[in-house]
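Undergrad: Before I ask anything, here is the structure I am working with.
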Amino acid sequence: MSTPSPRTPDSSGTDARVPLLQITNLQVGFQTQSGVIPAVRGANITLHAGETLAIVGESGSGKSTTAHAIINLLPGSGKIMGGQILFDGQDLTKLSQKQMQEVRGKLIGFVPQDPMSNLNPVWSVGFQVQEAIRANGIAQGRADVKKHAIQVLKEAGLGDAEKRLKQFPHQFSGGMRQRVLIGIGLSSRPKLLIADEPTSALDVTVQRTILDNLEKLTRDTGTALLFITHDLGLAAERAEHLVVMYKGQVVESGPSKEILANPLHPYTQRLVAAAPSLASRRIQSSAHKLTELDYSATGVTEGLDLIETAEARAGQLAAAPKREDAIVVEHLTKVYKIRGNKEAFTAVDDVSFSIQRGTTTALVGESGSGKSTVAKMLLRLEDATHGEIRIDGTNTAPLKGKALLDLRRKMQPVFQDPYGSLDPLRNIGNTIGEPLNTHKVGDKKSRRDRVFELLEQVSLPRALASRYPNELSGGQRQRVAIARALALKPDIVILDEAVSALDVLVQAQILQLLSDLQTELDLTYLFITHDLAVVRVIADNVCVMQRGKIVETATTDEVFDNPRMEYTKELLNAIPGAGIALGV
Amino acid sequence: MAGYILRRLLQAIPVFFGTTFLIYFMVFAMPGDPILALFGDKTPSPALVAQLRAQYHLDQPFIVQYLIYIGGIFQGNFGISYSGQPVGDILLRTFPVTLRLAVIALFFETVFGIVVGLISGLRKGKLFDASSLVVSLILISLPIFVIAFVGQYVFGVQLGWARTTVGTGAPVQDLILPALVLASISFAQIVRLTRSSVIETSGLDFVRTAYSKGLSRNRIVPVHILRNSLIPVVTYLATDFGVLLVGATVTEGIFNVPGVGNTLYQAIIRSEGPTVVSFVTVMVLLYLIVNLIVDLLYGLLDPRIRYVK
């Protein structure tokens, strides 16, 4: 990957202006016991005043490290090993911590990734905003600082800021916290705002309003925006310029539309092909037949396969005869009693749907819409308040003992977080084999063979059986979780946000794997997600949930081509990249 | 808030009856006759024994003994010890001394523990951190009576900075050395707890965000690191108060402090029901109150668990 990309920033037109931020040959390394591990290797990035630039790449590509290097807040043992970061004429790498303190907040604002962990839980929101305003000398005196804080929060979209100053972060939703953080970042009208995946932890619909607001604020104040994301669609939609990073290097940079239309570097090409947001978009614009697209120059595989498979399935399914329902849910309701509150909370409200054997139904909705509660009730991890669940015609509610064990054998879950769902103290072989032991399937040797067979099924090498979860990447872990789910040869797999935590390329691979396994093993999937873009490539039918109710049920094509409900349209519009015209 | 405190105090009522009953029963069930033991090798006359038994209600069934005792408490009468003194008087004489000792110890361990722990945590891996870890490890691994004797010998005998035994009335200056000894183990625990808590907090996202806001380190350390790090330390202090009271028994013995420890120890040896139960009950109630204070303090530090009005 050391060959420089033919499209350098200079080739995109000569620019006489002095850039606001110019990173030249930046080298960042992490000191470990076995020497220095490079994280950023010679990155060059140029950003002009008032412009928006997005850095795109998968996790571990060095995009966040680059951002942290700019404000000299590298985590732990991270160190700038070389290169220059020219900001407004001064080299930030040469500043002392004391001088850097003057730059941070005042000249360069920062909006962090996870709104849940970036506000101090023990101080009120108002305190944390006022503290920033005071530190940067924006206002003096109690009343003045408070007035300023209210103004900053109002700009960031908190209409009732006066009332909420005294509240604590845990009384705010994720979206509101991110507004607070954006308010803090912009409070001193910095020349540059660095936003590190500012919306990755948020629901798609919230994501959209937050980003709209961020765009408007930076435009109004003339602040340049350095935007970091793993979602190419999002980047292309929000930024004029793109920088694609891969393994610590900038592999491609230039105007967004140009890169999207004509990606030169193989990695960028794969990213463009794999991004579900773009893939689903591409299926929608059916003016072009997918297979006619020009991918000739490259080794594009994953993304294209995925789209092809999805299209082929849609065709097959329409032609196939109707089969019996594997899952039937009728009038399912779950009511939680809240302590100290007389009103009960209805998490799931009269939900009914059915899933045909061998098909995939996606349950879509924002967080809090009750979709995971449905999954828990299906798996009998929670009991329903009302309603009935029938698996293969059997009502599951009265099952006990052996019958319940048999039900569990037929139905297996895969959860969202591949880091949290594997026991770090058990090796992979034991993890996959555990259900076999629990259900006393076969003898020791046959279980071992089954584990190897499963590893092969999910395209993992046999050698992995003796390794531990911490030695595996996120994608590999999720494959292990899938292998474990398949161990008992279930008919039904419940996938609760199973690909949401993964990078786009890995996401594409896992989706492909799921789709292959479905064909091979005749599996029925209930696919729970907040991301409609993923639904497009995996699901046959879609149920859209809002506040505990199913508001729309239809085939995937119907939902995408002709959404009936306002809420569904909102979700569709929120898919990043939906607004950009693709050059392909 | 007031409702919460009231509810917590009401919870103390069943605890009071439960502990008194259990402890009374355990003393009752101890083998040996406490009256005969009073006479040592001599054989007392049966009439005298019967009289003493009647005086201490030992001739009644267990449940009656217990009810008489509880009834007495509600009239401010804690019973009579075998040495003939009212238990209430002994309580009043000894508890203030032990409390004074415990509070001084609590003060030392909290202040020094948090300061040393904070510096260690901020200077992780440096010389200060390494030496404080070694010192705290030594303190944790030594039994308290070893620390007490060493402290007594070094500071009392060799250096002459403190008196080796505590005088009548237990003045505060005499209590400093015993309090330091008593605090030593908990001090080491607090150092380690604060240190690891500070290290953990320093790596959290909101600390980085605080830096990115342009705040100085001098502000971030107390405001964003220390306060958050204190939450586990405060929780520890609650349970530690009990440890202090237990540790006080040994320390008081060595420094001859006229506190609860000695008296309670003697009473247990002699199976003095009313004395043991009264002492332990007061300790339990103290423990409950300290826990309530700590819980309130906890809510003050962490708004997420502030109590619903």
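Please treat every number below as a calculation from the coordinates, not as lab data. Since this is a predicted model, take the numbers as computed values, not measurements. Here the Cβ positions follow ideal geometry from the backbone for every residue, glycine too, while neighbour counts run over all protein chains shown.
Undergrad: Is there a simple number for the mean count of other chain Cβ atoms within 10 Å of the Cβ of residues in A:122-132, and what is it?
TA: Taking all residues of A:122-132 together, the mean is 4.
Undergrad: Please list B:186-195, B:18-27 highest first by mean number of surrounding beta-carbon atoms within 10 Å per residue.
TA: Output ranking for B:186-195, B:18-27: B:186-195, B:18-27.
Undergrad: Additional query: If R₀ is 41 angstrom, what is the calculated FRET efficiency for the pair residue A:151 and residue B:5, using the beta carbon separation as r and rounding to 0.05?
TA: About 0.55, to the nearest 0.05.
Undergrad: Express in whole angstrom the spacing between the alpha-carbon centres of the stretch A:534-579 and the stretch B:209-232.
TA: Each part reduced to its Cα centre gives a spacing of 44 Å.
Undergrad: To continue, here is another question. In whole angstrom, how far apart do the alpha carbon centroids of the stretch A:506-530 and the stretch A:378-446 sit?
TA: Cα centroid to Cα centroid, the span is 18 Å.
Undergrad: Answer rounded, prolate or oblate for the stretch A:34-183, using the Cα gyration tensor with square roots of eigenvalues a ≥ b ≥ c: rounded when a/c is under 1.5, else prolate when a/b is larger than b/c, else oblate.
TA: prolate
Undergrad: Right, here's the next one. Spelling out what I want: for every residue of the stretch B:174-187, take phi, set θ = phi - 60°, compute 6.51 cos²θ - 1.76 cosθ + 1.60 (Karplus), and round to whole Hz; glycine and proline get x.
TA: With coefficients 6.51, -1.76 and 1.60, one gets 6, 7, 4, 5, x, 5, 4, 4, 4, 7, 4, 5, 5, 4 Hz.
Undergrad: Quick one: which residues, 5+ away or cross-chain, put their amide H under 5 Å from the amide H of residue A:42? H built at 1.01 Å from N.
TA: Excluding prolines and chain starts, which carry no amide H, the hits are A:26, A:27, A:28.
Undergrad: Mind checking the mean number of beta-carbon atoms from other chains within 10 Å of the Cβ atoms in B:224-231?
TA: Average neighbour count from other chains, rounded to a whole number: 2.
Undergrad: Give me the base-10 log of I(q)/I(0) for the stretch B:19-74 at each q in 0.16, 0.22, 0.23 Å⁻¹, Debye formula, one uniform scatterer per Cα, rounded to two decimals.
TA: -0.55, -0.92, -0.97
Undergrad: Under the Karplus relation 6.51 cos²θ - 1.76 cosθ + 1.60, θ = phi - 60°, what is the ordered set of whole-Hz ³J(HN,Hα) values for the stretch A:222-233, x standing for Gly and Pro?
TA: After applying 6.51 cos²θ - 1.76 cosθ + 1.60, I find x, 7, 6, 10, 10, 10, 10, 7, 9, 9, 4, x Hz.
Undergrad: At what distance in angstrom do the alpha carbon centres of the stretch B:24-43 and the stretch B:62-105 lie from each other?
TA: 19
Undergrad: While we're on this one: Counting Lys +1, Arg +1, Asp -1, Glu -1, what net charge surrounds residue B:176 among other residues with beta carbon under 14 Å of its beta carbon?
TA: Summing Lys and Arg as +1 and Asp and Glu as -1 gives 0.
Undergrad: Give the calculated FRET efficiency between residue B:256 and residue A:468 to the nearest 0.05, with a Förster radius of 51 Å applied to their Cβ-Cβ distance.
TA: Result of the calculation: an efficiency of 0.35.
Undergrad: Please work out the Kirkwood hydrodynamic radius for the stretch B:192-309, using every pair of different C-alpha atoms, and report it in angstroms with one decimal place.
TA: 17.4
Undergrad: Per residue of B:199-211, how many C-beta atoms from partner chains lie within 10 Å of its own C-beta, taken as a mean?
TA: That works out to 6 on average.
Undergrad: What is the packing order of peptides A:359-372, B:157-170, taking the mean over residues of other C-beta atoms within 10 Å and listing the highest first?
TA: Highest to lowest by the protection proxy: A:359-372, B:157-170.
Undergrad: Sticking with this one: Note the full-extension length gain between residue A:337 and residue A:438 as 0.36 nm times their separation in residues minus their Cα-Cα distance, in nm to one decimal.
TA: 33.0 nm
Undergrad: Given a 10 angstrom Cα cut-off, can you work out which residue in B:41, B:295, B:240 is the most mobile in a GNM of chain B?
TA: B:41
Undergrad: Mind giving me the nanometre distance, one decimal, between the label points for residue B:127 and residue A:346, set 7 Å out from Cα along Cα→Cβ?
TA: 7.0
Undergrad: Still on this structure, I have one more. At 222 nm, what value in deg cm²/dmol follows for chain A if DSSP H runs of at least 4 each add -39500 (n - 2.57) and the sum is divided by all its residues, to the nearest 500?
TA: -11000 deg cm²/dmol
Undergrad: Place the peptides A:253-264, B:213-224 in order of packing, highest mean first, counting for every residue the other Cβ atoms within 10 Å and averaging per peptide.
TA: Packing order, densest peptide first, comes out as A:253-264, B:213-224.
Undergrad: Can I ask one more? State the Kirkwood hydrodynamic radius of the protein assembly as shown in Å, one decimal place, computed from all pairs of distinct Cα atoms.
TA: One over the average 1/r among Cα pairs gives 32.6 Å for the protein assembly as shown.
Undergrad: Using the basic label-point model (7 angstrom from Cα toward the beta carbon), what is the residue A:459 to residue B:33 distance in nanometres?
TA: Label-label distance for residue A:459 and residue B:33, simple model: 8.8 nm.
Undergrad: Can you give the local net charge around residue A:335? Use residues other than it whose beta-carbon is closer than 12 angstrom to its beta-carbon, Lys and Arg +1, Asp and Glu -1.
TA: -3
Undergrad: Please report the net charge: other residues with Cβ closer than 11 Å to the Cβ of residue A:348, K and R +1, D and E -1.
TA: Every neighbour counted, the sum reads +2.
Undergrad: Multiply the residue gap between residue B:146 and residue B:217 by 0.36 nm, knock off their C-alpha separation, and tell me the result in nm, one decimal place.
TA: Once the chain is fully extended between residue B:146 and residue B:217, it gains 21.5 nm.
Undergrad: Evaluate E = 1/(1 + (r/R0)^6) for residue A:166 and residue A:220, where r is the Cβ-Cβ distance and R0 equals 25 Å; express this FRET efficiency to the nearest 0.05.
TA: Plugging the Cβ-Cβ distance into 1/(1 + (r/R0)^6) gives 0.35.
Undergrad: If you wrap a convex hull around the alpha carbons of chain B, what volume per residue comes out, as a whole number of Å³?
TA: Normalising the Cα hull of chain B by residue number yields 169 Å³.
Undergrad: Cut-off is 10 Å between beta-carbons; in what order do B:57, A:68 appear when sorted fewest neighbours first?
TA: Neighbour counts put them in this order, fewest first: B:57, A:68.
Undergrad: Under 10 Å, Cα contacts only: if you run a Gaussian network model on chain B, which one of B:285, B:226, B:36 comes out with the highest mean-square fluctuation?
TA: Highest fluctuation among the options: B:36.
Undergrad: With each run of n ≥ 4 DSSP H residues scored as -39500 (n - 2.57), what mean residue ellipticity at 222 nm is computed for chain B after dividing by its residue count and rounding to the nearest 500 deg cm²/dmol?
TA: -24500 deg cm²/dmol
Undergrad: Using 0.36 nm times the number of residues separating residue A:569 and residue A:324, minus their current alpha carbon distance, what extension gain do you get?
TA: Gain on stretching residue A:569 to residue A:324: 85.1 nm.
Undergrad: The stretch B:1-87: which trypsin sites (Lys or Arg not before Pro) are DSSP loop and have at most 14 other beta-carbon atoms within 10 angstrom?
TA: B:42
Undergrad: Now, a different point. At 7 Å along Cα-to-Cβ for each site, give me the label-to-label distance between residue A:84 and residue B:296 in nm.
TA: 6.3
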